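Nothing in this text is a laboratory measurement; each read-out follows from the coordinates by a stated rule. Since this is a predicted model, take the numbers as computed values, not measurements. So basically every Cβ, Gly included, is an ideal-geometry build from the backbone, and we count neighbours across all protein chains shown.
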Amino acid sequence: MIDPVVSISCITYNHAPYIRQALDSFLMQRDVPFEVLIHDDCSTDGSPEILSAYAEERDYVRVVRHSTNCGAAAARNTALDNASGRYLVWLDADDTMAPDELETIYA
């Protein structure tokens, strides 16, 4: 994996109906090295299986799962501890990105 310039951080809790659309939009980014960090705050709706499948197929997608539901603030702190990019982009699990969004932000 190339050292990421941007860490895309997404926090989720029981967002199985939306998380695929969000992840697919994150993965369409080009021209700026990035990583995707998904912070699962102990989902119980099938989200962990979806997230694991994405992470298994891509070395730049990492999933951090809390063993208990800690809330958004704790999940964001976990994100900060795990991000390795120079810049951090926060997105929610029901957000999507335009295909050139990272390139535009970085420029």
**Message:** Within 13 Å, Cβ to Cβ, of residue 43, how many net charges do the neighbouring residues add up to if Lys/Arg are +1 and Asp/Glu are -1?
**Reply:** -3
**Request:** Take the Cα atoms of the chain, build their convex hull, and give its volume per residue in Å³.
**Result:** 88 Å³
**Request:** Rounded to the nearest 0.05, what FRET efficiency do residue 103 and residue 73 give with R0 = 41 Å and r taken as the Cβ-Cβ distance? Could you check?
**Result:** 0.85
**Volume of the Cα convex hull of segment 1-64, divided per residue and given in Å³** = 69 Å³
**Message:** Between 0 and 90 degrees, rounded to the nearest ten: what's the tilt of helix 16-27 against the longest Cα principal axis of the chain?
**Reply:** 20 degrees
**Prompt:** What angle, in degrees between 0 and 90 and rounded to the nearest 10, separates the Cα long axis of helix 72-82 from the longest principal axis of the Cα atoms of the chain?
**Reply:** 50 degrees
**Prompt:** Once both axes come from the Cα atoms, what is the angle between helix 47-57 and the longest principal axis of the chain, in degrees from 0 to 90, rounded to 10?
**Reply:** 40 degrees
